[in-house]
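Below: one structure, written as structure tokens.
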Amino acid sequence: KQWYQRRVAITAGIRTWILFYLGLLQCIAVGWVYKIDRQFRRVGRAAVLVYNIGCFLAVLIPTIVGLVLTSNGHATVKSCIIAFALSGALLIGSVVSAYILMDKDKVRKTKRNSFWTLVGWHGADNLRKMINSTPTNRWAPNSFNSEFDSFLSPVRVSIFFGFCIKYIIPGCLLVLLCSNMHDTSFGSGIYTDGQLCLGYFVFAFVVFFTVLLFIYPRLLSNPAEAGDDMEDGIIGKLDWVFTARFDKPFVYRRQNSSHFLSPE
């Protein structure tokens, strides 16, 4: 009975980690990855990547530091103050570094607000545009009339959706994931080393699989629809599947057709 209870407990722990992780991935996909090509075109790839990675580290590193300080006997308030100060420093550093790395030629050509292009939630705004628009009224994000209307309307998605999906929710999920893994590993004391290793292995497998799909999205595609882009034989199929296409990873040619298919 005790063994069964421990198995149920470790299963619940792994399930919690995976749910937090999958929720975090959904926020990253909508808030940070979707429409990132638009940011690349307007301010440059280097600036966007530095800002995005810097924001991620501005949450992850202070969370780890705060958990370590608390575990070593430091006061919770003191640990939180240090973590927030470190987070602010990393966030400001990422913004300044991204601004320095902006492609000035692209910024001049687009004639758009470079700061909003860098920090804005363009993917979420595109989703809001599709949701809030009607056949008779084309809703436009970031305009006063449209945003005011969506703020008052109970059936439209307001601007807070983009802010939450890009900054608030993924930040909270990352903190909860790290805190839960820390408490499960060091705070509870009810799991054996073998059970913890099993949990780490399952979670690492899920992370590895999602990263693999991100790098090789054609794993979810049908090689039979590659057409002229794929050579004959099993080697040709494997070569097509494991050819990373970061620029347009989902674009492939349908057999006997000259048109390209894309999620856009």
Can you quote the Å³ per residue value for the convex hull of the Cα atoms in the range 30-86, rounded to an integer? 80
What residue among L91, L67, S133 has its Cα farthest toward the positive end of the dipole of the range 60-154, where the charges are +1 on Lys, Arg and -1 on Asp, Glu, each on the Cβ? S133
Using a 1.4 Å probe and counting only protein heavy atoms, arrange V65, V241 so the residue with the most accessible area comes first. V65, V241
In what order, largest first, do H182, H122 sit by accessible area if the probe radius is 1.4 Å? H182, H122
What is the distance, in nm, between label points placed 7 Å from the Cα along the Cα-to-Cβ direction at S185 and at V207? 0.8
For the table K35/K104; K104/K129; K35/K129; K35/K109, the rows whose alpha-carbon distance is greater than 24 Å are K104/K129
Protein chains only, probe 1.4 Å: how do M102, M181, M130 rank by accessible area, largest first? M130, M181, M102
Scaled radius of gyration (Cα, divided by 2.2 N^0.38 Å) that the range 5-155 gives: 1.35
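The values are calculated or read from the model by the stated rules, or taken from the named source; none is laboratory data. Computed from a predicted structure; not experimentally measured. Ideal geometry is used to build each Cβ from the backbone, glycine not excepted, and the neighbour counts take in all protein chains shown. Heads up: the accessible areas ignore ligands, DNA and RNA and are worked out on the full protein's heavy atoms, side chains in. Shrake-Rupley method; radii C 1.70, N 1.55, O 1.52, S 1.80 Å.
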